């Protein structure tokens with residue numbers, strides 16, 4: 001009975017809000033007509049006074065605020081993450097990365113888990129498989145570059161293998177052009193490297209008239225150039241990789257943005273929820289209705305969370321549908337964030353927290 005009474009009260013207030021809203025919109029329309037009349041002495045006909053479409057937007061806002069109030073006053077949601085399934089950095093024994101020794105990924109792996117046994121894999125998917133199958137505790141992969149943006153393949157694989165982003169490491173990347181001893185820049189016709197490295201050096205490549213050749217890793221490219229042993233082929237890699245594979249550095253720092261950084265992430269079967277984590281990644285999809293994505297973004301705004309990044313990717317399971325990847329400010333241990341995520345789960349068909357980290 002008390003629930004029915006409160007529902008009646010809310011319906012009464014909603015009706016009063018609607019009446020006041022329509023009066024306000026009519027006043028706005030009248031103000032606009034008067035301003036136009038002052039400008040050109042033309043009298044415009046009365047505007048339509050049916051503002052129900054506009055009121056439906058306001059209703060969505062009010063409903064979202066209702067949901068926020070309800071979630072914030074409920075007991076702390078359970079099951080948001082398992083305290084006993086947290087990844088402890090010091091307990092990581094094996095870490096794998098994509099590419100060869102002296103690649104940027106290996107450097108990131110050593111910085112994050114220098115105490116662990118490192119193993120290298122051929123592709124990003126091989127790294128994810130190793131973690132998923134238990135051959136490695138964590139995998140270290142690049143997922144964001146300050147020049148070329150996000151590495152979409154990595155995000156697709158995180159979802160495919162149901163892993164979590166944990167610790168991150170930002171490395172300043174300075175690419176060099178390297179060839180075999182005796183080669184010069186004027187001899188080069190084709191330049192080999194990972195697509196991200198090629199994108200970060202595209203201005204130099206185009207100005208030089210070189211042809212791009214994609215490889216799976218910068219260190220793999222360096223090894224290949226050493227094995228090819230021809231003057232016409234060069235690679236873009238780190239100076240350490242060039243020296244390790246016996247190459248000659250033809251030009252230093254060829255990336256167009258001199259402040260060029262790549263963020264690497266450790267992915268694992270467990271989440272890491274640390275006190276200093278201030279950024280959360282999650283993926284979701286929405287129903288194919290007007291305003292569904294806007295509603296999700298509005299909910300995040302209502303909880304006072306700063307949005308860092310949003311990107312859409314094709315849903316690999318359902319053609320012509322899309323998954324949305326989003327990063328926002330917050331910590332998974334915070335009650336407000338837990339309420340936000342609980343709230344979002346009620347609004348979208350699918351959602352998964354991909355992890356948290358410190359930026």
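The numbers here are math on the coordinates, done by the rules we state, and not lab data. Being a predicted model, the structure only gives us computed values, none of them experimental. Counting neighbours? That spans all protein chains shown, and the Cβs are built from the backbone with ideal geometry, glycine included.
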Problem - For segment 92-186, share of DSSP beta bridges that run antiparallel, in % to the nearest 5 - result: 20
Practice task
Compute the separation of the alpha-carbon centres of segment 174-212 and segment 225-251 and state it in Å as a whole number.
Solution key: 10
Exercise for the section: Please give the helix 292-302 orientation as an angle from the longest Cα principal axis of the chain, in degrees from 0 to 90, rounded to the nearest 10. Expected result: 90
Practice task
Would you order 305, 96 from fewest to most other beta-carbon atoms within 10 Å of each residue's own beta-carbon?
Solution key: 305, 96
Exercise for the section: Only one of the values [x] 51, 29, 15; [y] 41, 21, 17; [z] 36, 23, 19 was calculated from this structure for semi-axes √(5λ) of the Cα gyration tensor in Å; name its label. Expected result: [x]
Handout entry: Fewest-first sequence of 206, 251 by Cβ atoms within 10 Å of each Cβ
Key = 206, 251
Fill in the blank from the handout: As a percent rounded to 5, the proportion of antiparallel DSSP bridges among beta bridges in segment 110-251 is 55
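Let me check against my output: what whole-number percent is the relative contact order of the chain, with C-alpha pairs under 8 Å and at least 6 apart?
Details: 655 pairs, mean separation 68.7, N = 359.
With pairs under 8 Å counted, the relative contact order is 19 percent.
So for 288, 192, 244, fewest C-beta neighbours within 10 Å to most, what's the order? Before the final figure, lay out the partial values.
Working: 288 9, 192 25, 244 17.
The order, fewest Cβ neighbours first, is 288, 244, 192.
When the convex hull of the C-alpha atoms of segment 266-359 is computed, what volume per residue in Å³ does it have? Kindly include the intermediate steps, with their values, before the conclusion.
Working: hull volume 9.9 nm³, N = 94.
Spelled out: Cα convex hull of segment 266-359, divided by residues, is 106 Å³.
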Exercise for the section: Go ahead and set up a Gaussian network model of the chain, Cα springs under 10 Å, then flag whichever of 185, 275, 30 fluctuates most. Expected result: 30
Problem - Distance in nm between pseudo-label sites at residue 8 and residue 118 (7 Å out along the Cβ direction from Cα) - result: 7.2
Practice task
For helix 335-347, report the angle its Cα long axis makes with the longest principal axis of the Cα atoms of the chain; keep it between 0 and 90° and round to the nearest 10°.
Solution key: 80
Problem - Antiparallel content of DSSP bridges confined to the chain, in %, to 5 - result: 70
Fill in the blank from the handout: With Cα coordinates, the longest principal axis of the chain makes an angle with the long axis of helix 104-113, in degrees rounded to 10, of 70
